[in-house]
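Q: Quick one: the structure is below, questions incoming.
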Amino acid sequence: MNIGQHVKYDLTRIFKSPLGYLGFLLSIIPAVGVIISVKTLDAPFNAQVVLSMFNMFGGLVALMFAIRTIVRDMQFGTIQLFLNSKTNRIKYLYAKLLSVVGVVIIFAVFGTLFTLLSSTMIDAGKLSFTDYLKMLGVLMLIIVFYVTLLNILNLLTGKSAIVYTAAILCMILLPNIFEAFIFIPKIGEDLANMMKYNPLDFLPKILNQGMISMKVYQIWISIACIVIFTAINHYIIRNKNI
């Protein structure tokens with residue numbers, strides 16, 4: 001199995017499928033709507049808002065595309081063509097992870113170009129190069145975290161519907177549940193403080209708020225979880241009979 005060819009196939013599918021262009025469109029429609037509304041009302045506006053809006057909606061779209069990348073072969077049964085040996089299984093796993101990294105980079109570049117273009121057209125000021133790198137870093141950590149976590153579920157169940165459902169629950173339901181911990185008598189405040197270090201709590205909030213920065217401890221916790229999840233993926237796919 002050729003890892004490079006597999007990654008190339010996954011990434012080129014984005015541009016060959018109408019869903020790819022629909023995804024790009026969906027990722028900027030909210031930002032375009034806000035730009036039009038704000039400029040119509042002649043309210044203060046800057047490039048930071050544009051980038052944050054893209055990070056919020058474009059990040060969600062990129063996450064769905066990344067999940068689609070890891071579940072597609074399992075969904076259509078084509079995964080059996082790649083996993084005929086332990087070596088190919090491991091290559092397949094890391095090819096998929098590289099494809100996910102490529103998906104994030106593609107959307108980050110698209111978001112950067114959109115922000116630069118729209119900011120120039122409406123005279124919304126400029127952002128530094130580090131702001132765009134921060135956006136890339138935040139999206140990379142969030143999406144790779146969820147992909148490595150959800151791929152464990154994908155490998156164990158082989159059901160794409162379960163993976164997508166789990167993704168929605170992780171992004172929408174779990175943060176609300178964690179916030180409700182504070183109302184638990186006696187221990188609620190302590191639990192709420194502990195949730196600050198739970199990536200399933202702070203990562204969705206960062207994405208949903210369009211933030212382009214993370215605290216140092218959030219970065220290291222996310223990286224540690226990614227490493228652990230990747231090791232679990234490695235073990236499962238190496239020993240799994242597909």
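The values are calculated or read from the model by the stated rules, or taken from the named source; none is laboratory data. As the structure is a prediction and not an experimental result, all values here were calculated from the model. Note: ideal-geometry Cβ built from the backbone for every residue, glycine included; neighbour counts use all protein chains shown. Remember, those area values only see protein heavy atoms, side chains included, never the ligands or the DNA or RNA. Shrake-Rupley method; radii C 1.70, N 1.55, O 1.52, S 1.80 Å.
Q: Working carefully through the options Lys215, Lys159, Lys240, find the one that is of a type in the set (D, E, K, R) and within 27 Å of Thr130 (Cβ to Cβ).
A: None of the other options fit; the residue is Lys215.
Q: If you take the residues in segment 172-229 that are in contact (Cβ under 8 Å) with a residue 40 or more places away in the chain and touching a Pro at 6+ places or on another chain (Cβ under 7 Å), which one is farthest from Ser27 (Cα to Cα)?
A: Cys225
Q: Let me ask something else about it. From the residues in segment 230-242 that are in contact (Cβ under 8 Å) with a residue 24 or more places away in the chain and outside any helix (DSSP H, G or I), which one is least open to solvent (accessible area, probe 1.4 Å)?
A: Lys240
Q: Taking into account only those residues within segment 154-172 that are over 17 Å from the mean Cα position of the chain (by Cα) and open to solvent by 80 Å² or more (accessible area, probe 1.4 Å), which is nearest to Phe229 (Cα to Cα)?
A: Leu156
Q: Sticking with this structure for a sec: Of everything in segment 205-229, what is in a helix (DSSP H, G or I), among the hydroxyl-bearing types (Ser, Thr, Tyr) and either surrounded by 14 or more Cβ atoms within 10 Å (Cβ to Cβ) or touching a Lys or Arg at 6+ places or on another chain (Cβ under 6 Å) (or both)? Give them in sequence order. Spell out the reasoning first.
A: Pass one, segment 205-229, residues in a helix (DSSP H, G or I): 205-208, 216-229.
Cutting the leftovers down to among the hydroxyl-bearing types (Ser, Thr, Tyr) gives us 217, 222.
The answer is Ser222, and nothing else.
Q: Another question about this same structure. Would you say Phe65 is open to solvent by less than 30 Å² (accessible area, probe 1.4 Å) and either modelled with pLDDT under 70 or part of a helix (DSSP H, G or I) (or both)? Reasoning before the result, please.
A: Values: open to solvent by less than 30 Å² (accessible area, probe 1.4 Å): yes; either modelled with pLDDT under 70 or part of a helix (DSSP H, G or I) (or both): yes.
Considered against the rule, which asks whether it is open to solvent by less than 30 Å² (accessible area, probe 1.4 Å) and either modelled with pLDDT under 70 or part of a helix (DSSP H, G or I) (or both), Phe65 comes out as yes.
Q: Scan (1) under 21 Å from Leu207 (Cα atoms); (2) open to solvent by 40 Å² or more (accessible area, probe 1.4 Å); (3) modelled with pLDDT under 80; (4) among the small types (Gly, Ala, Ser) for the single condition Ser128 breaks and write down its number.
A: (3)
Q: Do we find a residue being surrounded by fewer than 19 Cβ atoms within 10 Å (Cβ to Cβ) and closer than 17 Å to Gly137 by Cβ anywhere in segment 187-204?
A: For segment 187-204, residues surrounded by fewer than 19 Cβ atoms within 10 Å (Cβ to Cβ) and closer than 17 Å to Gly137 by Cβ: absent.
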